[in-house]
Every structure is written in structure tokens, then in C-alpha cells.
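The values are calculated or read from the model by the stated rules, or taken from the named source; none is laboratory data. The structure displayed is predicted, hence computed values, not measured ones. With ligands, DNA and RNA removed, areas are computed over all heavy atoms of the protein, side chains included. Shrake-Rupley method; radii C 1.70, N 1.55, O 1.52, S 1.80 Å.
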Amino acid sequence: MAYVITDACIACGACAEGCPVGAIAEGDGKYEINADACIDCGACAEQCPVSAIEG
């Protein structure tokens, strides 16, 4: 299952910068993960300063 960005996202972009496959893009008020592209590596969750990413 792909990681999910919760409503706690502050749209800082750290997760997108840390994603090795470019599966994260800015959405409506928060960033979103493309589940089809996500490789479940967890790099995004490690980068998030507010722990808004759940796996």
C-alpha cells in the first residue's frame, strides 16, 4: 500500500524533494502521493517535518 499524506500537511514540499521516483506533487492545499508511482520506500515520511505521512 502506498504512503498517504494526511491533512496535517503544511505544503512545505520536503516530501516531494525526498521522493526518489517523483511520486509526490502539490495538490489542493497539500501534497499528494501518486499511489501507482509510489514504491513504498518511506523516504517521504522521513523528510516530513510535521509527520503528516502515514504508511
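What to note about this one:
- Rg(Cα) / (2.2 N^0.38 Å) computed for the chain, rounded to two decimals: 0.93
- From phi via Karplus (6.51, -1.76, 1.60), per-residue ³J(HN,Hα) for region 5-14 in Hz, x at Gly/Pro: 9, 7, 5, 6, 4, 9, 6, 7, x, 4
- A 1.4 Å probe run over the protein chains yields, for the chain, 61 Å² of accessible area per residue, whole-number rounding.
- Whole-percent carbon and sulfur share, accessible surface of the chain, 1.4 Å: 44 percent
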